[in-house]
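Report on the following structure.
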Amino acid sequence: MKNLSRLFIGAMPLLMILESCSDMGEPEVLLPQMEVATTSIDFSTVTIGSPQTRQIQIINRGEGQLNGELTLIQDSSVYALQPHGVFALSSDDTLSAELTFTPSAGFTYAGQIVISSDDLGNPEHMIGVTGVGTALPVPALTISTSILNFGTILTDTSSQQQIILSSTGNDTLFISSIDFDLGVYSIDATTPLELIPGASRLLTITFQPDVAGTFSGSLTIVSNSPSTPDVVSLSGAAETPVSYAGSIQPVWNASCGGCHGSNGGLNLTSHSNIMLGTSQNGPVVVPRDAANSLIIRRLNGIGGLMPQGGPALSASTIATIETWINQGALDN
Ligand code: HEC
């Protein structure tokens, strides 16, 4: 109060006042001194919509009251400063302001906090502000294929195919179940299965039918991916193997044995003997390739009909022999 009464004396010019003051000894002028440690704030990457905060402290180290104003400058409205506007700080007092960053899109946002003050040594303090918005973490499942075909196999045998499950999102993928709608299919995986972003898993699916037929099924994978459930279509067929002992050897016995016994040349008395073929012409049965098996050609009359002198075997009997060869000429 003493200072004020000295400064405002009528319309006296300021210089004169100061002079008159100096005449009366040193005036007691209490000066504010603003201290702000923060010069920049980098929020780095922040998930869209999730607020992050940082503190800014303004300290008055001087002896007089500090008067100032806190202003936030930004192009968008992703930053919020609390408090802001004018402030007054007594000596040794601290003002804590909180800056909040809530990105609304996947952009880099720049801003600036300007603190103006009546500290003549530090009339304006700038704080550069930056932050980057990133998309919400979302898990994703990518499967190497959506269709698996196991072809045709024999009953009581099995066929395997592989698939790769990849975690292609930016959040951990949790697979809660992997199920088949048909019992002929199975997989070498136990659930739950956890895959971090970028990880993948190779799995083997087994098709093992015990009866003949076609098996159109599906593999259903349930996870926390937005695409759940993910489905892989499965197909496979099974046929009953032709029995050599029950359907083939009896044909040789009935129609060929008289000439193809154990007295030299082609021996058709057993599976092992027929597979030996002949010393002259080599194999007569090529497993899985009936068309190129000499025995089928001769049964069809190519290069001389067998049985020699006829009559030819029935078309259905020849077809059964072809199936036996194409199934691998098993000794079953
Ligand atoms: C009446 C006697 C006779 C009967 C029955 C007969 N074959 Fe032959 N087969 C022969 C003779 C002889 C040859 C050798 C001459 C030739 O290749 O034509 C031969 C040759 C073959 C060959 C060619 C391989 C070789 O030895 O050079 C095949 C394969 C064959 N027979 C299969 C059969 C089958 C299968 C049957 C029964 C469905 C059958 N044959 C019935 C007499 C017979």
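Taken together, the values in this text are just the output of simple stated rules run on the coordinates, not laboratory data. It should be emphasised that the depicted structure is a prediction, and the values quoted were computed from it without experimental measurement. All Cβ positions, glycine included, derive from the backbone under ideal geometry; neighbour counts span all protein chains shown.
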Of all DSSP beta bridges having both residues in the chain, the percent classed as antiparallel (nearest 5) is 85 percent
So what are the ³J(HN,Hα) numbers for segment 59-76, from phi and the Karplus equation (6.51, -1.76, 1.60; θ = phi - 60°), rounded to whole Hz, Gly and Pro as x?
10, 9, 8, x, 9, x, 5, 9, 10, x, 9, 9, 10, 9, 10, 7, 7, 10
Please determine, in degrees from 0 to 90 and to the nearest 10, the orientation of helix 14-23 with respect to the longest principal axis defined by the Cα atoms of the chain, where the helix direction is its Cα long axis.
70 degrees
Given a Förster distance of 56 angstrom, what is the FRET efficiency for A319 paired with Q112, based on the Cβ-Cβ distance and rounded to 0.05?
0.05
Quick one: M275, M34, fewest Cβ neighbours within 10 Å first, how do they rank?
M275, M34
Could you pull out which residues in segment 250-282 have an amide N less than 14 Å from a spot 7 Å beyond the Cα of Q308, following the Cα-Cβ vector?
256-268
Starting from the alpha-carbon convex hull of the chain, give the projected area averaged over all orientations, in nm².
30.6 nm²
Multiply the residue separation of I196 and T130 by 0.36 nm, subtract the distance between their alpha-carbon atoms, and state the gained length in nm to one decimal.
20.8 nm
Report the full-extension gain for the segment S243 to S227: residue separation times 0.36 nm, less the Cα-Cα distance, to one decimal in nm.
1.0 nm
Sites T53 and S186 - FRET efficiency at Förster radius 51 Å, r taken between beta-carbons, to 0.05:
0.45
Of C256, F215, Q57, which is farthest along the charge dipole of the chain in the positive direction, counting Lys and Arg as +1 and Asp and Glu as -1 at C-beta?
C256
